[in-house]
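To keep things clear, I will list the structure first and then write my remarks on it.
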Amino acid sequence: MVIGLGIAPFLFVGCADTGSRAPSSQSTSMTVAQSHQDVLRVFAAVQSVVGADGWEDEQPAWDSCGSGSEDAAQYTYSATRKLPLPGTPDEVTKRVAAALAKIDYAGARMQHDDTLTPPRPVIGYPNGYNGGTAADGFGVAFQAYDSYADLSIYGHCVPGKAPRFGTPLNPRPTDLP
């Protein structure tokens, strides 16, 4: 599945649906609530580098990622920030990789995509840029260029049902502060 982030495509195979692209396994070490919190922790780590203000087009979503009669859920989150960066795109992207390493996602590394206009530094975790997600659907895609940052997080596919709309883990837009 190709998921567009702004104007740059990233290829991630995850569990946005239950077809042939569903993850090959589920993370049984996490609950639905822990997987949700992990996605928010990744977003907070990126915000700690790029800035907490100005994120737009925020798109949180719960997807079913079970197979057969198994219930499994995956929390995804994407957002774009169109404000000046606190450094060059390369500096910021390197700091984002370091922030991910501090929260147990070592191995995130900056790469460059010169096919994009403008060319820019990118991060694709865990398998590198356009390398897809982990077996349980987890992945992070980040890119930056002048006055622009874009982030997509695909949470771990975990056993359980996606939280009902209007609950604390899945609030309605009107429930948010």
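Here is a check on your reading of the model: is PRO121 surrounded by fewer than 24 Cβ atoms within 10 Å (Cβ to Cβ), modelled with pLDDT of 90 or more and either more than 17 Å from the chain's Cα centre (by Cα) or under 30 Å from PRO89 (Cβ atoms) (or both)?
yes
If you take the residues of segment 28-50 that are of a type in the set (Gly, Ala, Ser) and open to solvent by less than 20 Å² (accessible area, probe 1.4 Å), which of them is farthest from TYR154 (Cα to Cα)? Even if it seems obvious, please write down each step before you answer.
Within segment 28-50, the subset of a type in the set (Gly, Ala, Ser) is 29, 33, 35, 44-45, 48.
Next, from what is left, pick out any that are open to solvent by less than 20 Å² (accessible area, probe 1.4 Å): 35, 45.
Working: SER35: 10, ALA45: 15 Å.
Here the answer is ALA45.
Only one of (1) at pLDDT 90 or above; (2) within 16 Å of the chain's Cα centre (by Cα) is not met by GLU58, so which one is it?
Of the numbered conditions (1) at pLDDT 90 or above; (2) within 16 Å of the chain's Cα centre (by Cα), the odd one out for GLU58 is (1).
Mind checking whether some residue in segment 112-121 is farther than 19 Å from TRP55 by Cα and in contact with a Gly (Cβ under 8 Å, 6 or more places away or on another chain)?
No, there is no match, as no residue in segment 112-121 is farther than 19 Å from TRP55 by Cα and in contact with a Gly (Cβ under 8 Å, 6 or more places away or on another chain).
Just to verify a result, which residue in segment 165-177, among those that are of a type outside the set (Ser, Thr, Tyr) and over 15 Å from THR76 (Cα atoms), is most open to solvent (accessible area, probe 1.4 Å)?
Quick first cut of segment 165-177, residues of a type outside the set (Ser, Thr, Tyr) only: 165-166, 168-173, 175-177.
Pick out the ones that are also over 15 Å from THR76 (Cα atoms) and you get 166, 168, 172-173, 175-177.
Numbers: GLY166: 31, PRO168: 125, ARG172: 101, PRO173: 100, ASP175: 82, LEU176: 100, PRO177: 171 Å².
The qualifying residue most open to solvent (accessible area, probe 1.4 Å) is PRO177.
Here is a yes/no grid of residues against (1) more than 15 Å from the chain's Cα centre (by Cα); (2) modelled with pLDDT of 95 or more:
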| residue | (1), (2) |
| --- | --- |
| THR18 | yes, no |
| ALA45 | no, yes |
| VAL92 | yes, yes |
| LEU100 | no, yes |
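So which residues in segment 83-113 are among the hydroxyl-bearing types (Ser, Thr, Tyr) and farther than 23 Å from SER35 by Cβ, if there are any at all? Quick ask: steps written out before the conclusion?
Step one: filter segment 83-113 for residues among the hydroxyl-bearing types (Ser, Thr, Tyr), giving 88, 93, 105.
Within segment 83-113, THR88, THR93 qualify.
Out of the residues in segment 135-162 meeting the condition of being open to solvent by less than 30 Å² (accessible area, probe 1.4 Å) and aliphatic (A, V, I, L, M), tell me which one is nearest to ASP114 (Cα to Cα).
Per the criteria, the residue is ALA144.
The values are calculated or read from the model by the stated rules, or taken from the named source; none is laboratory data. All of these numbers come straight from a predicted model, not from anything done at the bench. With ideal geometry, Cβ positions are generated from the backbone for all residues, glycine too; neighbour counts draw on all protein chains shown. Surface areas here come from the heavy atoms of the whole protein model, side chains and all, with no ligands, DNA or RNA. Shrake-Rupley method; radii C 1.70, N 1.55, O 1.52, S 1.80 Å.
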